[in-house]
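Worksheet: the structure to be examined is printed underneath.
Derivation of every value follows stated rules applied to the coordinates shown; laboratory data play no part. Because the structure is a prediction, the values reported are computed rather than measured. Note that we place each Cβ from the backbone using ideal geometry, even for glycine, and neighbour counts take in every protein chain shown.
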Amino acid sequence: MTGSRLRGEISRQFKGYADQLGLENFTFHNLRDTYASWLVQKGINLKVIQELLGHDAIQTTMIYAHLAPGNKRQAAKVIGKMMWDKVV
């Protein structure tokens with residue numbers, strides 16, 4: 001069985017189990033989305049997430065970037081500390 005056929009079969013089976021449990025409209029892809037969302041929220045580097053998810057383009061992974069709103073603030077703190085340390 002090829003990769004795409006296997007993925008399709010896994011998705012179909014997962015959907016069947018989800019439906020049996022009353023989880024309508026819940027797909028295997030929802031698990032990937034949740035996984036990516038949790039990684040971003042925990043501050044994992046987007047490049048690492050890209051590799052884990054197998055995204056060819058970082059733009060695909062960037063879809064999840066909005067889930068880490070504190071990253072800009074943290075980056076500003078790091079840069080500020082670096083600059084302050086050099087002044088002192």
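Annotations
- Where a residue in region 22-44 is more than 11 Å from residue 68 (Cβ to Cβ) and its partner, wherever it lies, is surrounded by fewer than 13 Cβ atoms within 10 Å (Cβ to Cβ), with Cβ under 7 Å and at least six apart: 28/10
- Any chance residue 57 is among the aliphatic types (A, V, I, L, M) and touching a residue at least 24 places away in the same chain (Cβ under 8 Å): no
- Residue, nearest to the chain's Cα centre (by Cα), within region 46-88, restricted to residues that are loosely packed, with under 11 Cβ neighbours inside 10 Å and assigned to a loop (DSSP other than H, G, I, E, B): 54
- Scope region 32-45; condition among the aliphatic types (A, V, I, L, M) and part of a helix (DSSP H, G or I); matching residues: 36, 39, 40
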